[in-house]
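The values are calculated or read from the model by the stated rules, or taken from the named source; none is laboratory data. Keep in mind that this is a model prediction, so the values were computed, not measured. Cβ atoms come from the backbone with ideal geometry, glycine included; neighbour counts cover every protein chain shown. All accessible areas refer to the heavy atoms of the entire protein, side chains included, with ligands and DNA or RNA removed. Shrake-Rupley method; radii C 1.70, N 1.55, O 1.52, S 1.80 Å.
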Amino acid sequence: MKLNFVQNLDFSASKNGNYLEAVLQIVKYLKTNEVVTPHGKYWKASPEPGNEYKGDLMITPKGLYAGSAGIGQFFLQLYDVTQDEAYLQEAKDAAEYILNTYEGKQFFDNVLNGNDGGVWPVKGWGTSVYASPAGQAIFVEQLYEHTGDPRYREFLIRTADDSIAAGVDDGNTLHWSSEADLMADGSYAFFFLYVYRKTKDKKYLEAAKKVVAFTDTRIVHAKEGGIYYKNVDLTLVGWKSKESVFPNFSHGAAGSAFLNVLLYEETKEKAYLDKANEVVKFLSAIVEGDENGALIPYLYNPEKGRFHDFYYLSTCHGPVGTTLLFRKLFDVTQNKENLEWVDLLTKGILKTGAPLKHTPGYWNSYCLCCGAPGVLAHFVKTAEVLNDESYIEQAKLTADKLLGDSWNDDKGRRWFAAWTRKLPGFVETYTGLYDGAAGVGTALLYLYAHEKGIKIKTETVEYLFLNPVKAA
């Protein structure tokens with residue numbers, strides 16, 4: 001056979017800076033879907049026809065999860081990496097829209113007493129830091145740290161004060177809804193601690209303590225040992241038993257424990273650390289796998305036991321989120337057993353066949369919340385904290401798989417995703433940080449920055465409280 005080869009085949013997505021090139025193609029997609037108003041800028045949640053996400057609790061125009069705060073945070077990260085003032089301006093435009101349309105205390109009443117719902121009709125998820133002005137204020141404060149504009153710091157304080165005023169305070173606990181997880185009222189402990197760190201005003205530390213006291217009302221002692229948190233009535237989202245709970249980060253015991261570790265770090269009150277260790281005892285009793293990789297089940301029921309049907313692998317219900325508890329426990333105790341947990345649960349991701357294989361719980365959602373972008377960011381962060389470059393190789397594999405699953409044309413690079421896993425046939429593209437293309441961009445930037453030795457100053461909220469990793 002005699003062939004005249006005219007060009008070598010090279011399909012590698014990771015050569016010649018293509019990660020940054022892909023991020024800039026995501027920017028093109030975001031630019032295609034921006035909405036410029038006299039008040040500033042926001043982005044369409046999804047440009048696909050037939051679903052504007054009006055009246056949805058979580059997919060909102062301004063939130064961290066899917067709105068301008070999250071996309072603005074992505075642009076700040078891109079500015080950190082490139083120092084291109086155009087991306088800083090994008091973040092400023094996002095902030096202007098947030099500042100000029102602020103609802104104040106009325107926000108809580110509009111959500112909790114209004115008709116908004118959406119795919120997940122749990123009211124507390126609509127007032128969480130991920131959906132509310134509190135998350136927007138975190139982004140705006142990050143912009144303050146880049147610009148020094150006093151309006152941004154003022155917004156942080158105003159939002160915190162309005163949040164406290166809107167809550168139900170009985171002198172011991174502070175809450176807004178009936179849900180206590182990190183996707184609902186529990187997230188305000190995180191927010192108030194963030195404000196406390198920025199202002200040193202102890203009223204915010206006291207507010208964080210009261211929020212955690214509210215989460216304490218959901219503690220249940222497990223028959224296997226330790227404690228878990230009954231944070232949400234899961235019959236609201238389709239589960240038949242009121243006793244079923246989520247054990248992992250965003251909605252479960254691991255997230256509630258994380259809040260306690262943060263408070264221990266600030267106060268050195270041992271009771272907070274003791275609660276976190278009781279959660280670890282519970283997680284140790286229900287973990288599944290072996291020394292070559294393990295995972296925490298998605299659901300737990302004291303009568304029916306663990307649910308083996310599927311395992312989430314990303315942030316909300318998977319090891320990406322749950323390892324944050326162990327990262328923070330290591331920060332405050334220096335006990336290396338916590339890093340062993342990080343390694344074990346990360347190996348659990350690989351044991352399922354991810355990132356190349358989609359198993360039940362690891363769907364084509366392509367988002368920081370529950371999909372491959374969260375896993376990509378996690379591999380980079382885990383490589384850095386464990387000083388294990390093998391996880392960078394897994395990050396590259398994840399990035400290449402993500403890019404292979406995307407679509408890129410004159411409208412930019414995006415992902416057709418089944419974010420609503422209960423409706424697997426409903427596939428569309430999303431712009432947001434936790435549900436869409438901006439989040440993929442963030443994950444790719446973490447990998448690109450690691451490869452180039454660049455420090456990203458702007459962290460997503462999950463990583464805000466973790467101690468910086470020392471250079472090897």
Quiz item: Does any residue of the range 241-254 turn out to be open to solvent by 10 Å² or more (accessible area, probe 1.4 Å) and touching a Phe, Trp or Tyr at 6+ places or on another chain (Cβ under 8 Å)?
Solution: yes
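Being of a type in the set (Lys, Arg) and open to solvent by 50 Å² or more (accessible area, probe 1.4 Å): is that true of Lys270 here?
Working: of a type in the set (Lys, Arg): yes; open to solvent by 50 Å² or more (accessible area, probe 1.4 Å): yes.
In short, yes.
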Exercise. Select from the range 256-267 the residues that are open to solvent by less than 10 Å² (accessible area, probe 1.4 Å) and either in contact with a Cys (Cβ under 6 Å, 6 or more places away or on another chain) or under 13 Å from Arg327 (Cβ atoms) (or both) and list them in ascending order.
Key: Ala257, Phe258, Val261, Leu262
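Which one of these is charged (D, E, K, R) and without any contact (Cβ under 8 Å) to a residue 24 or more places away in the chain: Glu90, Glu103, Glu85? Please lay out each step first, then the result.
Values: Glu90 fails: without any contact (Cβ under 8 Å) to a residue 24 or more places away in the chain; Glu103 fails: without any contact (Cβ under 8 Å) to a residue 24 or more places away in the chain.
Answer to the selection: Glu85.
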Exercise. Mind counting the residues in the range 322-376 that are among the charged types (D, E, K, R) and open to solvent by less than 10 Å² (accessible area, probe 1.4 Å)?
Key: 1
Self-check item: First in the range 207-227 and under 10 Å from Gly186 (Cβ atoms), second anywhere and assigned to a loop (DSSP other than H, G, I, E, B) and open to solvent by 40 Å² or more (accessible area, probe 1.4 Å), Cβ under 8 Å, 6 or more apart
Solution: Arg218/Lys230
Self-check item: Qualifying positions in the range 359-393 - without any contact (Cβ under 8 Å) to a residue 60 or more places away in the chain, farther than 21 Å from Tyr19 by Cβ and hydrophobic (A, V, I, L, M, F, W, C)
Solution: Cys370, Leu386
Practice problem: Six or more apart or on different chains, Cβ under 6 Å: which pairs go from a residue in the range 453-466 that's closer than 18 Å to Glu266 by Cβ to one that's open to solvent by 10 Å² or more (accessible area, probe 1.4 Å)? Could you list them? | Solution: Leu466/Arg327
Exercise. Considering only the range 273-286, state which residues are closer than 21 Å to Lys381 by Cβ and open to solvent by 10 Å² or more (accessible area, probe 1.4 Å).
Key: Val280
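This table checks each residue for (1) assigned to a strand (DSSP E or B); (2) farther than 17 Å from Ser250 by Cα; (3) of a type outside the set (Phe, Trp, Tyr).
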| site | (1), (2), (3) |
| --- | --- |
| Ala165 | no, yes, yes |
| Asn172 | no, yes, yes |
| Asp181 | no, no, yes |
| Asp185 | no, no, yes |
| Phe190 | no, no, no |
| Val195 | no, yes, yes |
| Lys203 | no, yes, yes |
| Val212 | no, no, yes |
Exercise. Give the number of residues within the range 243-280 that are part of a helix (DSSP H, G or I) and touching a His at 6+ places or on another chain (Cβ under 9 Å).
Key: 1
Quiz prompt | Those residues of the range 289-307 which are over 24 Å from the mean Cα position of the chain (by Cα) and either open to solvent by 60 Å² or more (accessible area, probe 1.4 Å) or modelled with pLDDT of 95 or more (or both), in sequence order | solution = Gly289, Asp290, Glu291, Asn292, Glu303, Lys304, Arg306
Self-check item: Hits in the range 309-321 - residues which are among the polar types (S, T, N, Q) and open to solvent by 10 Å² or more (accessible area, probe 1.4 Å)
Solution: Thr315
Exercise. Would you be able to tell me the number of residues in the range 177-206 that are free of Cβ contacts under 8 Å to residues at least 40 places away in the same chain, in contact with a helix residue (DSSP H, G or I) (Cβ under 6 Å, 6 or more places away or on another chain) and open to solvent by 20 Å² or more (accessible area, probe 1.4 Å)?
Key: 0
Quiz item: Cβ-Cβ below 7 Å, separation at least six or inter-chain, first residue in the range 48-59 and closer than 18 Å to Glu34 by Cβ and in contact (Cβ under 8 Å) with a residue 24 or more places away in the chain, second among the hydrophobic types (A, V, I, L, M, F, W, C) and exposed (fewer than 14 other Cβ atoms within 10 Å of the Cβ): which pairs?
Solution: none
Exercise. Go through the range 400-427 and count every residue that is at pLDDT 95 or above, hydrophobic (A, V, I, L, M, F, W, C) and assigned to a loop (DSSP other than H, G, I, E, B).
Key: 2
Practice problem: Tell me which residues, restricted to the range 148-179, are farther than 21 Å from Thr101 by Cα, of a type outside the set (Asp, Glu) and out of contact with any Asp or Glu (no Cβ under 9 Å at 6 or more places or on another chain). | Solution: Gly148, Val168, Gly171, Asn172
Quiz item: Considering only helices (runs of 4 or more DSSP H) fully contained in the range 47-120, which possess at least 1 residues that are closer than 30 Å to Leu236 by Cα and of a type in the set (Gly, Ala, Ser)?
Solution: 68-82
Self-check item: Residues satisfying the stated conditions in the range 121-147, i.e. part of a helix (DSSP H, G or I), more than 21 Å from Thr458 (Cα to Cα) and either out of contact with any helix residue (DSSP H, G or I) (no Cβ under 7 Å at 6 or more places or on another chain) or among the β-branched types (Val, Ile, Thr) (or both)
Solution: Gly124, Trp125
Quiz item: In the range 1-54, what count of residues is obtained for those that are over 17 Å from Val440 (Cα atoms), modelled with pLDDT under 95 and open to solvent by less than 30 Å² (accessible area, probe 1.4 Å)?
Solution: 1
Quiz item: Which residue out of Gly432, Gly439 is small (Gly, Ala, Ser), assigned to a loop (DSSP other than H, G, I, E, B) and under 14 Å from the mean Cα position of the chain (by Cα)?
Solution: Gly432
